[in-house]
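*Asks:* Here it is, the structure, as structure tokens.
The values are calculated or read from the model by the stated rules, or taken from the named source; none is laboratory data. The structure presented is a predicted model; accordingly, all values stated were derived computationally and were not measured. Cβ atoms come from the backbone with ideal geometry, glycine included; neighbour counts cover every protein chain shown. For accessibility, only protein heavy atoms count, side chains too; no ligands or nucleic acids. Shrake-Rupley method; radii C 1.70, N 1.55, O 1.52, S 1.80 Å.
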Amino acid sequence: MGSVETRPGVSSPEPHDKMVLGQNSYKKNLMGLSPDQLEDALRQCGIKEKQLRMRRSQIWNALYARGATGLQDIVTLSKDLRARLAKDFTIDRPEISQELISGDGTRKWLLKLAPEREGENAPEIETVYIPEETRGTLCISSQIGCTLNCSFCHTGTQKLVRNLTAEEIVGQIMLARDQIGDWPNQEADNSEGLPEAERKITNIVLMGMGEPLYNLENLKTAMAIAYDSAGLGYSKRRITLSTSGVVPMIGKAGADMGVMLAISLHAVHDELRDELVPINKKYPLKQLMQACRDYPGLNNSRRITFEYVMLKGVNDSLTDARGLVKLLKGIPAKINLIPFNPWPGNHYECSDWAQIEKFADFINDAGYASPIRRPRGRDIMAACGQLKSQSEKIRASERRKAKNAQ
Ligand code: SAH
Ligand code: SF4
């Protein structure tokens, strides 16, 4: 995490060791380690210096290209070495606490993570898979909760517990690929991994819980695995980081990772954006737009996506549309209109469909691609932060019932 944006109370833990139930020992997860960290781990396990690089790439390939789910599956290593590794290490995925499958094929997992300290409640995050005709998108989380309080976002009402480790970020991709069967056939000699054309998950978006730019260091380690051609093998053009506008970190993210950028814009003047996306008070639109103009590698085929949530009577007039076109002038941009996904206790309403279309037509006519994001998985509450809150509510009511019964 960059020093500029370190937040009080937000720790950026090293990959933490996991307590393995039934054993009195902590095992380190090999998933999400950088190549150097992986070599260090193998060194600690007694692997000789001259074998380190080879063992590292055997494990890397088994994990990320072939999708091994247990150390015993890494058949390129000797039985003895597998047993030695298994004493200290694991490649366990995060634990699923709930899986929901929508009628439209969207799948959502609520994942239980290891508590930082023994005896604490296990924190939970969400990962969502959205299949479409020509692609499959995996939406992953970067933090548990979020410190920013965007007024229309449910995650913003949840208190931030901590940043996710690189293991937990990569773990979401690994788990989703396990669940939907997105690995090469284990018997086939396919050490290159699943070819792009055969993949179910073709795109990764950092649009789940949390603000990714407040967790840049862990994200960098995780994304280096995601876009490594010998690792998970997603092209940088198919990974999109969405930020609410942490201006000082935008250029750094571009230089260090070079993935696609999405900006949660939602308003075209400071007064309204201060209210909807309060980080705007710290980094107002002028600074944000400059950071966008400076984002490395932009051109007509590599544009910034501007996300714009459609809130009835708040930001959906044609004056707003005109303001949007003016604001984005000169920036290679596409605009993603998101119908507001309502949640209990929030006073906003989604704009009428006819208004969304009028808005979209206006910006289309101005020359911008402006797809309207189709609401997906509403029957399983696939919007930002909602499943987790629902499950917390269920648990709270179960607790109350149990208490009353006593
Ligand atoms: N924190 C980052 C990424 C996670 S949010 C960010 O803010 O960009 C991903 C996207 O979902 C953001 O554009 C966010 O503004 C939007 N979003 C949040 N709550 C929403 C809701 N209830 N309806 C529609 N979009 C929402
Ligand atoms: Fe956090 Fe993004 Fe939600 Fe804003 S929209 S509260 S930055 S998760």
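*Asks:* What does the charge add up to near Ala262, with Lys and Arg as +1, Asp and Glu as -1, over the other residues with Cβ less than 12 Å from its Cβ? Show your work: numbers first, answer last.
*Replies:* Details: positive: Arg303, Lys334, Arg373; negative: Glu307.
Neighbour charge sum, excluding Ala262 itself: +2.
*Asks:* Based on Cβ point charges of +1 for Lys and Arg and -1 for Asp and Glu, what charge dipole magnitude is obtained for the chain about its Cα centre, in debye rounded to the nearest 20?
*Replies:* On the way: 55 positive and 50 negative charges, 70 e Å.
Its charge dipole is roughly 340 debye.
*Asks:* Continuing with the same structure: What does the accessible area per residue of the chain come to in Å², with a 1.4 Å probe and no ligands, DNA or RNA counted? Walk me through the numbers before you get to the answer.
*Replies:* On the way: 18530 Å² over 406 residues.
It amounts to 46 Å² per residue over the chain.
*Asks:* Mind checking which aspartates and glutamates have their Cα closer than 18 Å to the Cα of Lys252? Skip sequence neighbours fewer than 8 apart in that chain.
*Replies:* Glu5, Glu211, Glu217, Asp294
*Asks:* Glu357 to Ile101: extension gain in nm, 0.36 nm per residue of separation minus the Cα-Cα distance? Spell out each step's value before the answer.
*Replies:* Values: separation 256, 0.36 × 256 = 92.16 nm, distance 2.89 nm.
Value of the extension gain: 89.3 nm.
*Asks:* Could you give each residue of region 324-337 its phi-based ³J(HN,Hα) in whole Hz, using Karplus coefficients 6.51, -1.76, 1.60 with θ = phi - 60°, and x for Gly or Pro?
*Replies:* Running phi through 6.51 cos²θ - 1.76 cosθ + 1.60 with θ = phi - 60° gives 5, 4, 5, 4, 8, 3, x, 9, x, 9, 10, 10, 10, 7 Hz.
*Asks:* May I ask what percent, to the nearest 5, of DSSP beta bridges between residues of region 108-253 are antiparallel?
*Replies:* The antiparallel fraction comes to roughly 65 percent.
*Asks:* Can you pull the accessible area of Leu206 for me, 1.4 Å probe, Å² to the nearest 10?
*Replies:* 10
*Asks:* Bin width 10 Å, alpha-carbon pairs only: give the P(r) of the chain as whole percents, running from 0 to the bin holding the largest distance.
*Replies:* The percentages, shortest bin first, are 4, 22, 31, 25, 12, 5, 1.
*Asks:* Between Glu196 and Gln51, what is the FRET efficiency for a Förster distance of 41 Å, r being their Cβ-Cβ separation, to the nearest 0.05?
*Replies:* Working: r = 32 Å, r/R0 = 0.78.
Efficiency, rounded to the nearest 0.05: 0.80.
*Asks:* Quick query: amide H of Val309 versus all other amide H atoms, modeled in the peptide plane; which residues come in under 5 Å with a sequence gap of 5 or more or a different chain?
*Replies:* His266, Ile338
*Asks:* State to the nearest 20 debye the size of the charge dipole of region 18-91 about its Cα centre, where the only charges are +1 on K and R beta carbons and -1 on D and E beta carbons. Don't jump to the answer; show the numbers that get you there.
*Replies:* Working: 14 positive and 7 negative charges, 30 e Å.
In debye, rounded to 20, region 18-91 gives about 140.
*Asks:* Between Lys312 and Asp178, what is the FRET efficiency for a Förster distance of 56 Å, r being their Cβ-Cβ separation, to the nearest 0.05? Working shown, then result.
*Replies:* Values: r = 40 Å, r/R0 = 0.72.
After rounding, the FRET efficiency stands at 0.90.
*Asks:* Taking a threshold of 32 Å on the Cα-Cα distance, which of the pairs Lys87/Lys236; Lys112/Lys220; Lys159/Lys220; Lys28/Lys281; Lys200/Lys329 fall above it? List each step's numbers first, then the result.
*Replies:* On the way: Lys87/Lys236 35 Å; Lys112/Lys220 23 Å; Lys159/Lys220 24 Å; Lys28/Lys281 41 Å; Lys200/Lys329 36 Å.
Checking Cα-Cα distances, Lys87/Lys236; Lys28/Lys281; Lys200/Lys329 exceed 32 Å.
*Asks:* Give the share of C-alpha pairs in each 10 angstrom bin for region 240-341, from 0 to the last occupied bin, in whole percents, shortest bins first.
*Replies:* Final binned percentages: 16, 52, 29, 4.
*Asks:* Amide H neighbours of Ile304 under 5 Å, at least 5 residues apart or on other chains, H built in the peptide plane: list them.
*Replies:* So Ile304 has HN proximity to Ala333, Lys334.
*Asks:* Another question, then. Radius of gyration and Dmax for region 18-91's Cα atoms, expressed in Å?
*Replies:* In order Rg, Dmax, the Cα atoms of region 18-91 give 11.6, 35 Å.
*Asks:* Return the aspartates and glutamates within reach of Lys358: Cα separation strictly under 16 angstrom, same-chain partners fewer than 8 residues apart disregarded; answer none if there are no such residues.
*Replies:* Reachable aspartates and glutamates: Asp316, Asp320.
*Asks:* With a 1.4 Å probe and every protein chain left in place, tell me how much accessible area Glu95 has, in Å² to the nearest 10.
*Replies:* 110
*Asks:* What does DSSP give for the chain in terms of the percent of beta bridges that are antiparallel, rounded to the nearest 5? Working shown, then result.
*Replies:* Details: 22 of 45 bridges.
The antiparallel proportion sits near 50 percent.
*Asks:* Divide by every residue of the chain the summed helix terms, -39500 (n - 2.57) for each DSSP H run of at least 4, and state the resulting mean residue ellipticity at 222 nm, rounded to the nearest 500 deg cm²/dmol.
*Replies:* Details: 11 runs with 125 residues, N = 406.
After summing the helix terms and dividing by residue count, I get -9500 deg cm²/dmol.
*Asks:* Amide H neighbours of Thr90 under 5 Å, at least 5 residues apart or on other chains, H built in the peptide plane: list them.
*Replies:* The list, which skips near neighbours in sequence, is Lys28, Asn29, Leu30.
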